[in-house]
1. Keeping to pairs on different chains or 8 or more places apart, tell me how many lysine pairs in the stretch A:260-322 have Cα atoms under 26 Å apart.
2. Mind checking which of A:Ala80, A:Ala339, A:Val203 is farthest towards the positive end of chain A's charge dipole, using Cβ charges of +1 (Lys, Arg) and -1 (Asp, Glu) about the Cα centre?
3. Once the dipole of the protein assembly as shown is set up with Lys and Arg at +1 and Asp and Glu at -1 on Cβ about the Cα centre, which of B:Tyr281, B:Val299, A:Ala224 lies farthest towards its positive end?
4. Cα centroids of the stretch B:222-277 and the stretch A:112-175: how far apart, whole angstrom?
5. Would you kindly state how much longer the chain becomes between B:Ala39 and B:Val158 on full extension, computed as 0.36 nm times their sequence separation minus their alpha carbon distance, in nm to one decimal?
6. Evaluate the distance, in nm, between pseudo-label points positioned 7 Å from the Cα of B:Arg24 and of B:Leu132 along their respective Cα→Cβ axes.
7. Working out 0.36 nm times the residue gap between B:Val299 and B:Gln199, then minus their Cα-Cα distance, what length gain in nm do you get to one decimal?
8. Using +1 on the beta carbon of Lys and Arg, -1 on that of Asp and Glu, and nothing else charged, what's the dipole of the protein assembly as shown about the Cα centre, debye to 20?
Amino acid sequence: MRKLLAASLAVTTAIVPMMLAPAKAADATVSYWMWDGNQAPVYRQCADKFEAANPGVKVQITQDGWDNYWTKLTTGFTSATAPDVFVNHISRFPEFLANGVMEDLTARIAADKVDMSAYLPGLADSWNKGAKQWGLPKDWDTIAIFYNKKMVADAGITDEQLANLDWNPNDGGTFEKALAKLTVDAKGKHGDQPGFDPKNVAVYAWSYDPPDGFGQQEFSHFAASAGFQAVDKPWGTKYFYDSPILAKTLTWLRDLSIVKGFSTNGEQVGRLGPSPLFAAGKIAMAPQGSWMLSTYRDNAKFAWGVAPLPKGPEGRKSMFNGLADSIWSGSKNKDAAWAWVKYLGSSECQTIVGKAGVVFPARPEAVDAAVKAHQAKGIDVSAFTLVAKAGSTFPYPIMDHGSEAYAILKTAVTNVLLNQGDPAKILKDANDEVNKLF
Amino acid sequence: MTDRHRSPLSGTSRTASGTSRAARKWREALTGYAFVAPAFVGFAVFYLLPTVRAMQISLTDWNLLRAPRFVGLANFERLLHDDKFWHSCEVTLAYVLYNIPLQTALGLALAVLSDRLARSVILRALIISPYLISNVVSGLIWLFMLDPLLGLTNAWLVAVGLPHQPFLASPDQAIISVAGISIWRHTGLTALLFYAGLQSIPKHLYEAARLEGAGEWLMFRRITLPLLRPVMAFVLVTTIIGSFQVFDVIAVTTSGGPADASRVILWFIYENAFQFNKMGYASAVSILLFLVLILITLVQMRLLRADQSDLD
């Protein structure tokens with residue numbers, strides 16, 4: 001309460017009635033939905049603080065798995081049972097905007113003088129369309145390489161070498177040479193030794209998730225570092241999946257497994273992804289999003305680290321995506337919902353989230369808290385912050401018809417990696433199909 | 001009983017007696033309706049209304065979030081030219097063909113074996129136990145068991161000198177693996193139904209046949225199989241309908257993948273309805289599936305003469 005009061009006094013008197021509104025509205029319950037089970041308990045801590053500062057307002061957090069989450073949310077919008085506040089993802093943003101299910105936060109942000117420049121650059125902009133703000137930045141993610149420390153040391157690769165590998169789609173560069181050293185076949189021969197049997201591998205150097213349409217963890221970083229651009233612009237109308245650079249990149253990734261045997265192939269990694277393979281010592285490295293940190297921390301019972309992605313011809317590139325908290329346009333208590341959203345975006349709550357070491361919050365000071373929290377657990381996460389800071393990021397494609405394009409591209413990429421035909425043709429056909437959606 | 005006392009008293013007039021009979025009939029009917037009511041309400045609320053509603057929705061363009069727009073039969077027209085839809089039909093048909101013959105044969109074999117050889121309650125309970133696990137749980141168990149690199153199944157294969165198999169992660173094996181999971185789960189139920197059917201076959205038929213010198217195989221072909229026909233019809237109709245509607249195992253294990261290899265009709269419907277928010281289009285597919293299943297069922301009932309038994 002004292003904090004809220006202090007905050008109220010700090011702003012102009014015109015805003016004070018608005019600030020007090022949620023506190024006065026006794027017994028309001030703000031429902032809040034999210035999909036990440038790792039984060040739900042952390043946000044409960046924020047909710048406890050928020051409730052203490054706003055007597056009479058309760059926050060009810062509901063968590064559901066990714067797929068179910070969107071189905072429930074969409075049906076909730078239709079049946080008027082959607083939550084007041086929900087965690088939003090870029091891939092759904094255009095569709096939600098077109099259908100008017102999100103509350104425009106611009107006026108409230110201006111009235112409460114919320115400093116949008118307090119977030120990491122680019123995060124707030126992703127949620128701005130038509131000069132209106134549709135969500136407050138929550139957290140962000142980049143991609144880096146999780147690696148088994150012992151395997152890397154045994155292969156004679158130093159941490160410094162690992163952090164400075166280069167890659168190109170023609171011969172894979174020093175990155176591919178490192179992968180060769182890290183791969184061990186059933187007879188103990190390494191990938192760079194004569195007599196290595198690529199068909200009978202005991203430990204793969206590389207493994208990746210069953211690819212999604214945009215290849216966030218699987219291939220987007222390789223392709224982008226070779227100069228590939230997935231779409232013409234945010235909110236654009238053209239995909240460039242017929243690009244020869246992408247075909248070349250995916251062909252390299254395909255051959256890395258089916259010809260060279262340095263990587264698991266698409267048929268070997270099921271829905272569980274590479275993390276159980278990593279924990280079981282069947283793979284040495286995997287490209288993963290920063291949201292996977294706590295999963296690896298919980299499952300790998302040996303020393304592991306995080307290394308930056310290799311540098312491509314165009315430098316080091318990682319997809320940079322940020323989540324936001326949005327308010328449902330049909331919410332019955334928007335004032336309380338806004339108070340909660342504002343608190344979620346505040347330094348206090350984001351620092352709590354950062355300290356939990358689950359995700360990287362949207363505010364720099366909270367990111368520092370997250371980095372320290374990981375350090376305290378013996379994990380250097382600078383590989384994630386390095387790509388976020390260097391301006392070497394590219395955004396998650398914000399496009400209309402997102403879900404449909406995603407499904408078509410996912411099928412195409414899977415077909416390429418599973419060697420179901422000529423990569424250039426498969427990708428061109430899919431690209432034509434996707435561009436026809438617009 | 002009050003009727004019986006009353007009618008002689010008012011017996012002077014034919015019409016009065018007629019009215020009382022009508023009243024009795026009416027009351028009986030009312031009792032009947034009262035008994036049927038709970039089931040009917042359930043049927044109406046959970047089956048009839050949604051079906052009618054789906055028919056309505058199938059004639060519209062509706063994304064869940066905006067008001068629906070009437071488009072007539074446009075959704076059905078589009079369906080005819082949608083390669084993805086036809087692909088999903090092929091995948092579903094393949095699934096049914098992998099699933100039903102094997103499941104029925106195994107179920108029948110188990111039922112006959114446990115009837116003719118080992119009449120053990122424990123054995124029957126064991127056979128049915130996979131069916132008692134929910135589809136989602138059995139899907140999850142098999143997802144772990146069939147994992148390409150870490151799964152127990154592959155560990156066994158390797159132990160006996162066979163190569164690793166990708167199972168659910170392979171476009172070639174995904175639908176076969178899903179069919180395998182379904183067979184594992186449903187064979188017990190099929191066996192139980194056949195077993196119940198076997199109990200209704202009079203034992204003296206077997207005794208007579210044995211006196212005539214018939215062997216087990218001949219008795220199975222000439223007595224068991226023909227007399228099981230109504231049960232066979234029930235089993236085939238329900239399992240085939242169920243197979244065409246396979247969804248939960250797919251949702252847990254493959255999500256229609258890899259590369260659309262297990263995108264069955266229901267997954268196609270789900271994808272369109274809840275991932276692409278094309279409710280009208282998805283409903284059109286549902287209605288089409290509904291009509292096709294009715295047709296298949298009618299043909300089956302006719303072929304198997306399901307409403308008659310050879311015992312009468």
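We did not get these values from a lab; they are worked out from the coordinates using the rules stated. Because the structure is predicted, anything quoted here is derived from the model rather than measured. Cβ coordinates were reconstructed from backbone atoms using ideal geometry, including for glycine residues, and neighbour counts include every protein chain displayed.
1. 5
2. A:Ala339
3. Working it through, the farthest residue towards the positive pole turns out to be B:Val299.
4. Cα centroid of the stretch B:222-277 versus Cα centroid of the stretch A:112-175: 43 Å apart.
5. 37.6 nm
6. The answer from the label model is 4.8 nm.
7. Extra length available between B:Val299 and B:Gln199 comes to 33.3 nm.
8. On the way: 69 positive and 64 negative charges, 443 e Å.
Dipole magnitude for the protein assembly as shown comes out near 2120 debye.
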